[in-house]
Structure formats: C-alpha cells, structure tokens
Amino acid sequence: MTFQPIDYAFFQQPTLSLASALLGKLLVKETEFGTASGWIVETEAYIGPEDRAAHSYGNRRTKRTEVMFGPPGYAYTYVMHTHCLMNVVSGEIGYPEAVLIRALEPCSGFDLMYQRRGKVKKEPELTNGPGKLTKSLGIVKEDYGRGMFEYPLFIAEGKEVGSIAVGPRIGINNSREAVHYPWRFWVEGNPFVSK
C-alpha cells in the first residue's frame with residue numbers, strides 16, 4: 001500500500017475547521033520496521049493564547065511550545081504521563097494553535113501495531129486514545145517539528161466520514177471556562193473513538 005502526503009495548502013485553514021477536516025484523513029508513519037497508518041476519527045482543537053487548556057495559553061513560549069508559533073502543518077509532539085502525544089500545528093505564524101489527534105481507526109500495519117502495543121487483544125484498544133495511537137504507529141517525541149506534508153510522518157487523503165459529533169474536550173479539568181468549549185470533534189458511532 002502506497003500513501004501520498006497531502007498538499008501543504010490543506011493545513012492553511014482556521015484551527016476549528018482543520019480539526020473537523022482532519023476526520024477521515026489518514027495519519028501515516030514510515031519506519032525502518034515498516035509503515036503503519038490509521039484514519040483519524042477524533043480530534044481536539046487548542047486555540048492559544050486565550051485557551052486555558054492550551055500549552056501556549058497566555059502566549060507561553062518555551063522550548064516545548066516553540067513549533068506552535070511557526071507555520072501550520074508541523075508535528076507538535078510531547079510526553080505526558082509517559083505517553084507521547086501528537087498535535088498538528090495550526091493557525092497563522094505567531095498564533096500558537098494546534099489540533100490533537102485523539103483516536104484513529106487502523107488502516108495498515110496491524111502486525112506492527114500489535115507488536116508495539118504488547119498485550120492488547122481487542123482491535124479498538126490499538127488506537128482509541130492519543131497515547132495508544134502514537135505507540136501503535138511508532139510516533140515518538142523526536143518527530144517534533146516534522147512537516148505533516150512529507151515523509152516519513154504525514155497526513156494523506158482518506159475516506160469520507162459520516163456524521164461528525166462536536167462536544168467538550170477530555171481531560172482538561174483544571175482549565176476553568178475552557179472545560180466547556182465544544183472543540184472536540186469525532187466520527188459519530190465509530191468504535192475507535194476514545195472513551
């Protein structure tokens with residue numbers, strides 16, 4: 001199976017639009033061990049510096065958040081609770097925004113995914129969370145700053161999705177009013193959406 005990176009122009013849209021447009025697209029990671037991929041079925045938008053849930057809230061510029069201040073379409077990876085999470089940088093240069101990839105429906109590289117995830121038996125458990133999907137695909141913190149429009153970590157055209165659901169983001173309990181922002185998007189009824 002051969003995948004082609006999407007055109008860079010795709011990433012040049014407002015963050016909330018991008019978060020929704022990413023649903024159904026294919027996230028692909030090529031490694032020396034092979035290629036694994038999955039259709040994106042859940043995302044969350046983070047719109048700093050006004051978004052208390054964003055790492056860039058208040059224009060916080062650190063070594064970790066630096067990539068978010070650049071152009072859209074680049075990988076923002078970081079480690080949280082020992083898991084690597086991956087975002088796609090969005091918004092204009094100087095406006096640190098990003099879209100977290102929360103869940104995938106596996107497309108290719110199943111054997112690799114099972115090897116990387118260890119004792120997982122049920123297919124949805126491979127990729128139904130932001131830390132699970134990065135482990136399954138072999139996405140690591142060192143992928144920070146990679147262009148998501150070129151090999152080896154990229155977004156490719158995917159498939160049409162059905163109904164898109166919208167609601168509050170998950171796991172941001174200390175974010176005051178930001179807890180209620182309806183900036184989570186998912187493919188309604190898809191069994192790979194995170195719990």
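The values are calculated or read from the model by the stated rules, or taken from the named source; none is laboratory data. Since the structure is predicted, the reported quantities are computational estimates derived from the model, not experimental observations. Ideal geometry is used to build each Cβ from the backbone, glycine not excepted, and the neighbour counts take in all protein chains shown. Protein only, heavy atoms only, side chains kept; ligands, DNA and RNA dropped before computing areas. Shrake-Rupley method; radii C 1.70, N 1.55, O 1.52, S 1.80 Å.
Go through the stretch 93-107 and give me each residue that's open to solvent by 20 Å² or more (accessible area, probe 1.4 Å) and under 18 Å from the mean Cα position of the chain (by Cα). Selection gives E97, R102, E105, C107.
Is it true that some residue in the stretch 114-127 is within 21 Å of A19 (Cβ to Cβ) and not aromatic (F, W, Y)? Yes, the conditions are met somewhere in the stretch 114-127.
Listed by position, the strands (runs of 3 or more DSSP E) enclosed by the stretch 1-90 that each have at least 1 residues that are hydroxyl-bearing (S, T, Y) and within 15 Å of the chain's Cα centre (by Cα) are 34-47, 75-80, 83-90.
The set of residues from the stretch 80-92 being open to solvent by 10 Å² or more (accessible area, probe 1.4 Å) and within 30 Å of M1 (Cα to Cα) comprises H83, C84, L85. Given the conditions (1) touching a Gly at 6+ places or on another chain (Cβ under 9 Å); (2) open to solvent by less than 60 Å² (accessible area, probe 1.4 Å); (3) over 14 Å from N87 (Cα atoms), which single one is not true for L23? Only one criterion in (1) touching a Gly at 6+ places or on another chain (Cβ under 9 Å); (2) open to solvent by less than 60 Å² (accessible area, probe 1.4 Å); (3) over 14 Å from N87 (Cα atoms) is unmet by L23, namely (3).
Here is a check on your reading of the model: is T15 touching a residue at least 60 places away in the same chain (Cβ under 8 Å), within 24 Å of S136 (Cα to Cα), β-branched (V, I, T) and crowded, with 16+ Cβ neighbours inside 10 Å? Considered against the rule, which asks whether it is touching a residue at least 60 places away in the same chain (Cβ under 8 Å), within 24 Å of S136 (Cα to Cα), β-branched (V, I, T) and crowded, with 16+ Cβ neighbours inside 10 Å, T15 comes out as no. Set side by side, the residues E32, E66, E44 differ, and just one is among the acidic types (D, E), crowded, with 19+ Cβ neighbours inside 10 Å and under 26 Å from P5 (Cβ atoms), which is E44.
The test for being closer than 25 Å to F10 by Cβ and open to solvent by less than 20 Å² (accessible area, probe 1.4 Å) does not hold for R184.
Within the stretch 119-129, identify whether any single residue is without any contact (Cβ under 8 Å) to a residue 24 or more places away in the chain, under 24 Å from E50 (Cβ atoms) and in a loop (DSSP other than H, G, I, E, B), and answer yes or no. No, because not a single residue in the stretch 119-129 is without any contact (Cβ under 8 Å) to a residue 24 or more places away in the chain, under 24 Å from E50 (Cβ atoms) and in a loop (DSSP other than H, G, I, E, B).
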